[in-house]
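Visitor: Below: one structure in structure tokens.
The values are calculated or read from the model by the stated rules, or taken from the named source; none is laboratory data. Just so you know, these numbers come straight off a predicted model, no measurement behind them. No Cβ is skipped: glycine too gets one built from the backbone with ideal geometry, and neighbour counts run over all protein chains shown.
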Amino acid sequence: MPFNLHRFASIISWVISPIVVAPAVYVAIVMLGYGDDVKSMSYLMVLFVSSTVAPILLISGLKKTGKISDYNITFREQRFLPLLVLIAFNALGYEFMKQLHPPRLLTGILLFNAVNTVFILLITLQWKISIHLFTFSSSVGLLFMQFGVVALWLLLLLPVLMWSRIVLKAHNFMQTLVGAMVGFVVMVAELQWWTGL
């Protein structure tokens, strides 16, 4: 079978997508960072439902009803409603997480997921920032906050993901670059302030 550049870019885009990256990062942070905590599975459940399961169900529902044209929500004009609902999911998740009295980093994840989705929503009104790159780089920021500089090796995947999104014509170079830079810097700054580190 001849090499298909578009298919290869599509595979990369799905493997390093928000619905894959976010839950993997949550598992790493909770199980490696707080695995001895008796409530660790409860922490994971709240994170998964708020930031992974609910968004997947939402996007699937919107796709079936024709509110969005594809699962990546390629068209900027179609992103407003899903982003608005995602803000609500993460805000509710934050309130549920607080009831568990978890390590402060975990409440920060959901709080700033909501805050940053507001940020993305406001940008989306005028421009199309890459949510793939924003999510991946902010996830690396989360891992950096938990595990230190070893997590920064994952930033080497940023050019690969940027390339895939550009090849798929989902974004241009600046949209991917801004998503990558802002996602990491904003998440690290927010969590440093939130945790007092």
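Visitor: Name every residue in segment 7-50 that is within 23 Å of L156 (Cβ to Cβ) and more than 15 Å from the chain's Cα centre (by Cα), in order of residue number.
Guide: Those that are within 23 Å of L156 (Cβ to Cβ) and more than 15 Å from the chain's Cα centre (by Cα): R7, F8, A9, S10, I11, I12, L32, G33.
Visitor: Out of all the residues in segment 116-145, which are in contact (Cβ under 8 Å) with a residue 24 or more places away in the chain, farther than 14 Å from V188 by Cβ and among the aliphatic types (A, V, I, L, M)?
Guide: If the condition is that a residue be in contact (Cβ under 8 Å) with a residue 24 or more places away in the chain, farther than 14 Å from V188 by Cβ and among the aliphatic types (A, V, I, L, M), then V118, I120, L121, L125, I129, I131, L133 are the ones that fit.
Visitor: Suppose we filter segment 146-184 for residues that are without any contact (Cβ under 8 Å) to a residue 12 or more places away in the chain and either buried (at least 16 other Cβ atoms within 10 Å of the Cβ) or of a type in the set (V, I, T) (or both); how many remain?
Guide: 4
Visitor: Looking at K128, K63, K67, which one is in contact with a His (Cβ under 8 Å, 6 or more places away or on another chain) and over 28 Å from D36 (Cβ atoms)?
Guide: K128
Visitor: Please specify each residue of segment 39-59 satisfying the condition of being closer than 12 Å to Y26 by Cα and at pLDDT below 85.
Guide: Across segment 39-59, the qualifying residues are S51, T52.
Visitor: Further, regarding this structure: Considering only segment 77-97, I want to know if a residue exists there that is of a type in the set (V, I, T), out of contact with any Ser or Thr (no Cβ under 8 Å at 6 or more places or on another chain) and at pLDDT 90 or above.
Guide: Checking segment 77-97: not a single residue is of a type in the set (V, I, T), out of contact with any Ser or Thr (no Cβ under 8 Å at 6 or more places or on another chain) and at pLDDT 90 or above.
Visitor: Among the residues of segment 62-81, are any within 27 Å of G148 (Cα to Cα), crowded, with 17+ Cβ neighbours inside 10 Å and not acidic (D, E)?
Guide: No; the residues of segment 62-81 include none that is within 27 Å of G148 (Cα to Cα), crowded, with 17+ Cβ neighbours inside 10 Å and not acidic (D, E).
Visitor: Now for a separate question. Name the one entry in L143, L121, L92 that is under 16 Å from the mean Cα position of the chain (by Cα), over 22 Å from D37 (Cα atoms) and surrounded by fewer than 22 Cβ atoms within 10 Å (Cβ to Cβ).
Guide: Answer to the check: L121.
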